[in-house]
Amino acid sequence: PDNDPSIFYRAILSIAVEKLRPDGWIFFEINEKFGNSVLALMQQSGIDKNLELADDLNGKPRWVCGQKTKHD
(Lines give C-alpha, C1' and ligand atoms only; values in the text may rest on other atoms or scores of the structure.)
Protein backbone atom coordinates (compact mmCIF):
# COMPACT_ATOMS: atom_id res chain seq x y z
CA PRO A 1 0.00 0.00 0.00
CA ASP A 2 1.04 3.58 -0.65
CA ASN A 3 0.75 4.40 3.05
CA ASP A 4 3.51 1.88 3.97
CA PRO A 5 6.46 2.24 1.58
CA SER A 6 8.74 0.21 3.88
CA ILE A 7 6.67 -2.98 3.86
CA PHE A 8 8.97 -4.84 1.46
CA TYR A 9 12.17 -3.70 3.17
CA ARG A 10 10.86 -5.01 6.49
CA ALA A 11 9.87 -8.33 4.92
CA ILE A 12 13.25 -8.80 3.24
CA LEU A 13 15.12 -7.79 6.40
CA SER A 14 13.19 -10.29 8.51
CA ILE A 15 14.39 -13.05 6.18
CA ALA A 16 17.90 -11.63 5.91
CA VAL A 17 18.56 -11.65 9.66
CA GLU A 18 17.69 -15.35 9.69
CA LYS A 19 19.55 -16.37 6.54
CA LEU A 20 22.63 -14.16 6.47
CA ARG A 21 25.80 -15.50 7.99
CA PRO A 22 27.49 -13.39 10.65
CA ASP A 23 29.13 -10.46 8.87
CA GLY A 24 26.98 -11.17 5.78
CA TRP A 25 26.09 -8.17 3.62
CA ILE A 26 22.77 -6.93 2.28
CA PHE A 27 22.31 -4.22 -0.35
CA PHE A 28 19.15 -2.38 -1.35
CA GLU A 29 18.47 -0.08 -4.26
CA ILE A 30 16.08 2.48 -2.80
CA ASN A 31 13.83 5.36 -3.60
CA GLU A 32 15.83 8.49 -2.79
CA LYS A 33 13.18 9.59 -0.27
CA PHE A 34 13.61 6.55 1.99
CA GLY A 35 17.35 6.19 2.57
CA ASN A 36 17.40 7.14 6.22
CA SER A 37 14.29 5.14 7.05
CA VAL A 38 15.71 2.01 5.40
CA LEU A 39 18.97 2.48 7.31
CA ALA A 40 16.97 2.74 10.54
CA LEU A 41 15.07 -0.46 9.70
CA MET A 42 18.34 -2.24 9.01
CA GLN A 43 19.79 -1.11 12.30
CA GLN A 44 16.69 -2.17 14.23
CA SER A 45 16.75 -5.60 12.60
CA GLY A 46 20.32 -6.42 13.62
CA ILE A 47 22.00 -5.49 10.37
CA ASP A 48 23.84 -2.63 11.96
CA LYS A 49 27.48 -2.90 11.01
CA ASN A 50 29.08 -0.83 8.23
CA LEU A 51 25.80 0.87 7.33
CA GLU A 52 26.09 3.15 4.34
CA LEU A 53 23.80 5.34 2.27
CA ALA A 54 25.38 6.06 -1.10
CA ASP A 55 24.57 8.22 -4.09
CA ASP A 56 24.04 7.17 -7.68
CA LEU A 57 25.84 8.76 -10.62
CA ASN A 58 23.42 11.70 -10.51
CA GLY A 59 24.19 12.46 -6.87
CA LYS A 60 20.90 11.13 -5.53
CA PRO A 61 20.84 8.77 -2.53
CA ARG A 62 20.05 5.50 -4.27
CA TRP A 63 21.38 2.53 -2.32
CA VAL A 64 22.05 1.34 1.20
CA CYS A 65 24.08 -1.54 2.53
CA GLY A 66 25.08 -3.06 5.82
CA GLN A 67 26.38 -6.16 7.54
CA LYS A 68 24.74 -8.45 10.00
CA THR A 69 26.37 -8.34 13.40
CA LYS A 70 28.14 -11.50 14.53
CA HIS A 71 25.65 -12.39 17.25
CA ASP A 72 22.07 -13.52 16.66
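The values are calculated or read from the model by the stated rules, or taken from the named source; none is laboratory data. Computed from a prediction, not measured in an experiment: that's the story for all the values here. Every residue, glycine among them, receives a Cβ derived from its backbone with ideal geometry; neighbour counts consider all protein chains shown. Heavy atoms of the whole protein, side chains included, go into the accessibility calculation; ligands, DNA and RNA do not. Shrake-Rupley method; radii C 1.70, N 1.55, O 1.52, S 1.80 Å.
Below, the figures for the structure above:
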read-out: Hits in the stretch 24-41 - residues which are assigned to a strand (DSSP E or B) and either among the aromatic types (Phe, Trp, Tyr) or touching a Leu at 6+ places or on another chain (Cβ under 9 Å) (or both); value: TRP25, ILE26, PHE27, PHE28
read-out: Residue in the stretch 8-25 that is closer than 13 Å to LYS68 by Cβ and polar (S, T, N, Q) present; value: yes
read-out: From the options LYS60, LYS33, residue that is more than 10 Å from the chain's Cα centre (by Cα), open to solvent by 30 Å² or more (accessible area, probe 1.4 Å) and modelled with pLDDT of 95 or more; value: LYS60
read-out: Residues (open to solvent by 100 Å² or more (accessible area, probe 1.4 Å) and of a type in the set (Phe, Trp, Tyr)) located in the stretch 11-30; value: TRP25, PHE27
read-out: Residues (under 16 Å from CYS65 (Cβ atoms) and charged (D, E, K, R)) located in the stretch 26-47; value: GLU29, GLU32
read-out: Selected residue (only one of ARG10, ARG21 is basic (Lys, Arg) and in a loop (DSSP other than H, G, I, E, B)); value: ARG21
read-out: Check on PHE8, in contact with a helix residue (DSSP H, G or I) (Cβ under 9 Å, 6 or more places away or on another chain) and either open to solvent by 60 Å² or more (accessible area, probe 1.4 Å) or modelled with pLDDT of 95 or more (or both); value: no
